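First the structure, in the form of structure tokens, and then the observations on it.
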Amino acid sequence: MAIRNARIPAMVAALLFLGAVTTLPYPTAEAKSKMQKQAFGKIQDGQSVDLYTLANKYGMTAAISNFGATLVSLKVPDRDGKLGDVVLGYDTPADYENGKAYFGGTIGRYGNRIAHGKFTLDGVVYTLPLNDGPNTLHGGVRGFNKRVWTAQDVSSSAGEALELTYASKDGEEGFPGTLLVKVVYTLVADENAVRIDYTATTDKDTVLNLTNHSYFNLSGQGNGDILQHQLTLFASQFTPVDVTLIPTGKLQDVHNTPFDFLQPMAIGVRINMADEQLKFGRGYDHNWVLDKKSPSSLGLAARAYDPQSGRILEVSTTEPGVQFYSGNFLDGTVHGKHGKVYAYRSAFCLETQHFPDSPNEKDFPSTVLHPRKTLHSTSIYKFTVQKAGDK
Ligand code: BGC
């Protein structure tokens, strides 16, 4: 079933109401949207949630659920043109609801960690649930990835697009202010890319850090580990952490460390080195400080190349940082889509973000949002291929 954008311009709606027109002065690109909507299943409270499939002319598809504004599948061609699903996930919304891995979810109100679940804003101390040892991770016990969002088809000539909105109440998971969040996924019409645009407004000062938590395996989900993927991170510094993965507040130069991905390097080459930071992360689980023109300009964050499939992923963002997480907590106990078992380090995340624990670090770029201001953030995940023998 094709769903249509309900936003009919006011004048046309008025004419329709008066019975003055029988044919609309359409079609527009919106009316031509072929976005597919299907029932995804039910969550615990009995609500039904849906799955929307966006496609472009190259055959690339992205399936998104309004449960958690989650990217459920992403099918992109390999060097032979064969489509493969390159993100991890589950087959049912119940699995997403019970899962602990945040597969493909929209993370909020605050992506990554807040030390001891506490921060002070405008002189008030806020206390959040602790769901990661002594810290708060990814927005608390029930973050944005476990909420039901309202979906609308907003496709245009730029590509098929799904808008998801969510109103997070004042005090939800301990955060101040009612926050209205909008996430638009666009499957770009003229290249194989998914663009994610975030906007948010609040009625009270608050902190926020929105990201997408897709786990990528460019050989296809459930298809071996990612240690041979060659990664480039466009970042000369990272934020070192303590044993609970809270930043120390310092920025460290990556040169002469296993954190130097300025030139393409297979993920597995240095991952098991005797290095305190790697020990704390059980591998890579750190925030890199992006070398961009300015921290908020749209620029390249990362590039990953999989020699097996030839697929290349390039991530661009307006965020100042990226969390590169090498799937260290995947341990073969999670059964994902189509019965695939997700083994140790069988996927990686590139979470575009503000730095972890920024509410407690005055020298990090601010994550405070004030009323009457709108947060805008964009990240683009673009796929190409490298043919065998190409340099
Ligand atoms: C965190 C990891 C965590 C993973 C899944 C990442 O963003 O940095 O430490 O295990 O998300 O929860």
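The values are calculated or read from the model by the stated rules, or taken from the named source; none is laboratory data. Just so we're clear, the structure is a prediction, and the values are computed from it rather than from any experiment. FYI the Cβ positions are ideal-geometry reconstructions off the backbone, even for glycines, and counts take in every protein chain you see.
Below is a table of values for the structure above.
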item: Residue within segment 287-300 that is within 16 Å of the ligand (Cβ to nearest atom), crowded, with 21+ Cβ neighbours inside 10 Å, in contact (Cβ under 8 Å) with a residue 60 or more places away in the chain and not in a strand (DSSP E or B) present; result: no
item: Counted residues, segment 299-348 - those being of a type in the set (Lys, Arg), touching a strand residue (DSSP E or B) at 6+ places or on another chain (Cβ under 8 Å) and either modelled with pLDDT under 95 or more than 21 Å from residue 238 (Cα to Cα) (or both); result: 2
item: Hits in segment 92-115 - residues which are within 26 Å of residue 242 (Cβ to Cβ) and surrounded by fewer than 17 Cβ atoms within 10 Å (Cβ to Cβ); result: 100
item: Strands (runs of 3 or more DSSP E) (entirely within segment 18-84) containing at least 2 residues that are modelled with pLDDT of 95 or more and among the basic types (Lys, Arg); result: 36-42
item: Answer residue from segment 133-168, given it is among the charged types (D, E, K, R) and crowded, with 16+ Cβ neighbours inside 10 Å and is nearest to residue 60 (Cα to Cα) among those; result: 160
item: Residues of segment 262-286 satisfying the condition of being closer than 18 Å to residue 232 by Cα and within 16 Å of the ligand (Cβ to nearest atom); result: 267, 271, 278, 283, 284, 285, 286
item: Candidate set: segment 347-391, residues that are among the polar types (S, T, N, Q) and under 18 Å from the mean Cα position of the chain (by Cα); chosen: the one nearest to the ligand (Cβ to nearest atom); result: 353
item: Within segment 63-95, tally of residues that are under 15 Å from the mean Cα position of the chain (by Cα) and farther than 30 Å from residue 387 by Cα; result: 6
item: Filtered residue count, segment 85-98, keeping only those that are among the aliphatic types (A, V, I, L, M) and assigned to a loop (DSSP other than H, G, I, E, B); result: 2
item: Whichever residue in segment 197-220 is more than 16 Å from the ligand (Cβ to nearest atom) and not hydroxyl-bearing (Ser, Thr, Tyr) and, among such residues, is nearest to residue 110 (Cα to Cα); result: 207
item: Yes/no for residue 388 being of a type in the set (Gly, Ala, Ser) and modelled with pLDDT of 95 or more; result: no
item: Out of 362, 373, 387, 382, sole residue that is touching a Gly at 6+ places or on another chain (Cβ under 8 Å) and either surrounded by fewer than 23 Cβ atoms within 10 Å (Cβ to Cβ) or closer than 26 Å to residue 114 by Cβ (or both); result: 387
item: Matching option when the condition is within 16 Å of the ligand (Cβ to nearest atom) and either touching a residue at least 60 places away in the same chain (Cβ under 8 Å) or over 19 Å from residue 74 (Cα atoms) (or both), among 315, 341; result: 315
item: In segment 99-140, the residues that are within 13 Å of the ligand (Cβ to nearest atom), free of Cβ contacts under 8 Å to residues at least 40 places away in the same chain and part of a loop (DSSP other than H, G, I, E, B); result: 100, 131, 139, 140
item: Odd one out for residue 292, checked against (1) in contact with a Gly (Cβ under 6 Å, 6 or more places away or on another chain); (2) modelled with pLDDT of 95 or more; result: (2)
